[in-house]
């Protein structure tokens, strides 16, 4: 079905995306021809205001990845161009999707070195309003980290943990507990993690790296409690998504992250994730079903 270019690909206002969803299509193409000048202007504004904050608060691996990908500052990136630079480095590639990806499907994509990527972009008049992930969060926030081999290896290992969860026979409530534990771990590391660099702290979580306000708040605010990353604390720590995070955890390195993912998998096998503390995030019926319907990986 053709769509006039004037409709654009603005978050929550994209007929192309709505049509794909109505057909049940999760994996789509990036219809680059549908981006409007307003869409590209939103990217330009987001990039321009984030660049000084990245230079000040982002970890060195993110900045190196930004350079390696050569993301354009004046237009929305073409995912084919992004993947041409990314795949030779770690085997990862951005794969465009029509919207929310069920949790097991998302983790399994990571295992296969695919990163589900939203193709819409927020309205330029609401740069801080993000009702759902957009291409700036996914490509500028996440993907530069995927250029680092150790970080990429940790993501793949995390995807393998999801397969461990479905291979273990357990009732739905225990499976939901495992999902909650994995979601909390992902949130406090990949999305909102801090990293130590000498005597300083830097951001390494993509939720921070794509947020103009929270990237500085996370590093400098006296209202944020910053703790060394300990798995037993993370898996029992609820979080809320509608305000700045009052508690963050600090990684020592990406090797440290990989070690903690390995520990997460071992604890799952030992049953230590079967009864984590209640609270957010809630595990939706669709996310639980994505695990219940999953088949064990073929090795």
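The values are calculated or read from the model by the stated rules, or taken from the named source; none is laboratory data. Small disclaimer: the values here were computed from a predicted structure and weren't measured. Because the Cβ atoms are built from the backbone with ideal geometry, glycine has one as well, and the counts that use them run over all protein chains shown.
Of the conditions (1) surrounded by fewer than 17 Cβ atoms within 10 Å (Cβ to Cβ); (2) more than 19 Å from the chain's Cα centre (by Cα); (3) closer than 22 Å to residue 97 by Cβ; (4) touching a residue at least 40 places away in the same chain (Cβ under 8 Å), residue 27 clears all except one; give me its number. Of the numbered conditions (1) surrounded by fewer than 17 Cβ atoms within 10 Å (Cβ to Cβ); (2) more than 19 Å from the chain's Cα centre (by Cα); (3) closer than 22 Å to residue 97 by Cβ; (4) touching a residue at least 40 places away in the same chain (Cβ under 8 Å), the odd one out for residue 27 is (2). Of the helices (runs of 4 or more DSSP H) entirely within region 1-98, those holding at least 1 residues that are farther than 18 Å from residue 133 by Cα and in contact with a helix residue (DSSP H, G or I) (Cβ under 9 Å, 6 or more places away or on another chain) occupy 37-57, 60-69, 79-90. Would a scan of region 281-298 turn up a residue that is modelled with pLDDT of 90 or more and closer than 26 Å to residue 216 by Cβ? Checked against the condition, which is being modelled with pLDDT of 90 or more and closer than 26 Å to residue 216 by Cβ, region 281-298 yields at least one hit.
Residues that are buried (at least 16 other Cβ atoms within 10 Å of the Cβ) and farther than 27 Å from residue 147 by Cα within region 245-254 are absent altogether.
On inspection, residue 125 fails the criterion of being more than 15 Å from residue 14 (Cβ to Cβ), touching a helix residue (DSSP H, G or I) at 6+ places or on another chain (Cβ under 8 Å) and surrounded by fewer than 21 Cβ atoms within 10 Å (Cβ to Cβ). What about residue 189, is it in contact with a strand residue (DSSP E or B) (Cβ under 8 Å, 6 or more places away or on another chain), surrounded by 20 or more Cβ atoms within 10 Å (Cβ to Cβ) and part of a strand (DSSP E or B)? Answer is no for this residue.
Could you list, in sequence order, the residues of region 88-98 that are touching a residue at least 40 places away in the same chain (Cβ under 8 Å) and touching a strand residue (DSSP E or B) at 6+ places or on another chain (Cβ under 7 Å)? Working first, answer last.
Residues of region 88-98 touching a residue at least 40 places away in the same chain (Cβ under 8 Å): 89-92, 94-98.
Within region 88-98, 92, 94, 95, 96, 97 meet the criteria.
Report yes if some residue within region 162-174 is in contact (Cβ under 8 Å) with a residue 24 or more places away in the chain, part of a loop (DSSP other than H, G, I, E, B), surrounded by fewer than 23 Cβ atoms within 10 Å (Cβ to Cβ) and in contact with a strand residue (DSSP E or B) (Cβ under 6 Å, 6 or more places away or on another chain); otherwise report no. Within region 162-174, none of the residues are in contact (Cβ under 8 Å) with a residue 24 or more places away in the chain, part of a loop (DSSP other than H, G, I, E, B), surrounded by fewer than 23 Cβ atoms within 10 Å (Cβ to Cβ) and in contact with a strand residue (DSSP E or B) (Cβ under 6 Å, 6 or more places away or on another chain). Taken as a whole, region 40-57 holds at least one residue that is crowded, with 21+ Cβ neighbours inside 10 Å, touching a residue at least 40 places away in the same chain (Cβ under 8 Å) and over 19 Å from the mean Cα position of the chain (by Cα).
Annotation note: of 149, 116, the sole residue that is surrounded by fewer than 24 Cβ atoms within 10 Å (Cβ to Cβ), modelled with pLDDT of 95 or more and more than 14 Å from the chain's Cα centre (by Cα) is 149. Please pick out the residue among 123, 108, 128 that is touching a strand residue (DSSP E or B) at 6+ places or on another chain (Cβ under 7 Å) and in contact (Cβ under 8 Å) with a residue 40 or more places away in the chain. The unique qualifying residue is 123. Evaluation of residue 213 against the conditions (1) surrounded by 14 or more Cβ atoms within 10 Å (Cβ to Cβ); (2) out of contact with any helix residue (DSSP H, G or I) (no Cβ under 6 Å at 6 or more places or on another chain); (3) over 19 Å from residue 276 (Cβ atoms) shows that the sole unmet condition is (1).
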